[in-house]
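The values are calculated or read from the model by the stated rules, or taken from the named source; none is laboratory data. This structure is a prediction, so every number in the text was calculated from the model and none was measured. For neighbour counting, all protein chains shown are included, and Cβ atoms are generated from backbone atoms with ideal geometry for every residue, glycine included. Quick note on the areas: whole protein, heavy atoms, side chains included, nothing else; ligands and nucleic acids left out. Shrake-Rupley method; radii C 1.70, N 1.55, O 1.52, S 1.80 Å.
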Amino acid sequence: MSVLVIAVDGPAASGKSTLAARIARHYGLPFLDTGLLYRAVARELLDRGLDPQDEAAAARLAAALQPEDIDPARLHGEGVGELASKVAALAAVREALVPLQRQFASRPPGAVLAGRDIGTVICPEACVKLYVTASREERARRRCEQLRRRGEAPIYARVLEELEARDRRDSERAVAPLRAAPDALVLDTTDMDAEAAFRAACAFIDRRLAERPGCGHPRSSEQPLQP
Ligand code: C5P
């Protein structure tokens with residue numbers, strides 16, 4: 001049976017995980033938000049009081065990570081995200097997390113994975129690649145909204161500054177830097193709402209599937225477009 005892998009990459013607060021989760025539901029595929037893996041390693045380092053720059057210790061924790069150990073509720077803070085992006089620049093950590101991600105992607109009927117390097121490094125053979133982005137200002141605005149919904153009182157200028165720092169670190173690191181794969185659809189959602197982004201993504205996926213029938217047959221491809 002062929003597998004359908006959909007890679008969804010993009011910078012922080014671009015809306016890629018929400019979009020990827022919806023795509024996964026629509027096509028009946030399992031979903032992995034790979035940012036949670038880096039966040040889980042960062043959280044574990046913090047909880048154990050280990051030095052976040054201790055590459056060997058971080059890589060050991062990464063190698064022992066099991067998807068079922070991941071509790072997203074404990075991983076969403078900005079502090080964990082910030083540390084996750086530092087941990088993610090360590091080559092040994094990235095390497096330790098490769099098998100888990102590839103195994104997840106290779107099981108029939110396939111999977112949707114969201115991250116920074118899915119289309120370029122983890123699944124370069126993915127049938128469909130999306131690169132979801134938006135202007136920094138719009139991403140900072142969305143992140144503020146998200147934080148407000150969680151009862152926090154974010155300062156826009158500070159959120160924007162943190163996003164810029166994270167973008168820089170993610171795209172300038174030596175290993176697996178954030179970038180769009182040459183065959184990815186770049187979806188700039190600055191002026192799109194979630195619905196428009198979902199429709200644009202599905203139109204591209206359906207086109208790809210029609211062009212490459214060997215990619216796999218998602219369960220719900222004949223169903224009408226719906227969440
Ligand atoms: O996507 P999220 O913001 O949760 O990811 C946290 C951090 O993990 C990112 O800033 C990035 O540095 C790192 N990451 C990565 N590669 C991935 C997913 C996340 O480097 N595939």
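If you line up the long axis of helix 194-211 against the longest principal axis of the chain, both from Cα atoms, how many degrees apart are they, to the nearest 10?
50
Share of the range 4-210's accessible area from carbon and sulfur, percent, 1.4 Å? Each step should come with its number before you reach the end.
Numbers: 4820 of 9300 Å².
That fraction is 52 percent.
Just to confirm, what accessible area per residue do you get for the range 4-210 at 1.4 Å probe, in whole Å²?
Details: 9300 Å² over 207 residues.
So the range 4-210 comes to 45 Å² accessible per residue, rounded to a whole number.
With an 8 Å Cα cut-off and a minimum separation of 6 or more residues, compute the relative contact order for the chain in percent.
Details: 357 pairs, mean separation 79.0, N = 227.
The value is 35 percent.
Can you tell me the 0 to 90 degree angle between the C-alpha axis of helix 91-106 and the longest principal axis of the chain, rounded to 10?
Result, in degrees: 30.
Kindly express, to the nearest 10 degrees and within the range 0 to 90, the angle between helix 35-47's C-alpha long axis and the longest C-alpha principal axis of the chain.
20
Add +1 for every Lys or Arg and -1 for every Asp or Glu among the other residues with Cβ under 9 Å from the Cβ of ARG136, and state the total.
-3
Quick one: Kirkwood hydrodynamic radius for the range 4-210, alpha-carbon pairs, angstrom, one decimal?
17.3
Between beta-carbons, use under 11 Å as the cut-off and find the net charge around ASP9, counting Lys and Arg +1, Asp and Glu -1.
Neighbourhood net charge equals +2.
Rounding to the nearest 20 debye, state how big the charge dipole of the chain is about its Cα centre with +1 on each Lys and Arg Cβ and -1 on each Asp and Glu Cβ.
Rounded to the nearest 20 debye, it is 300 debye.
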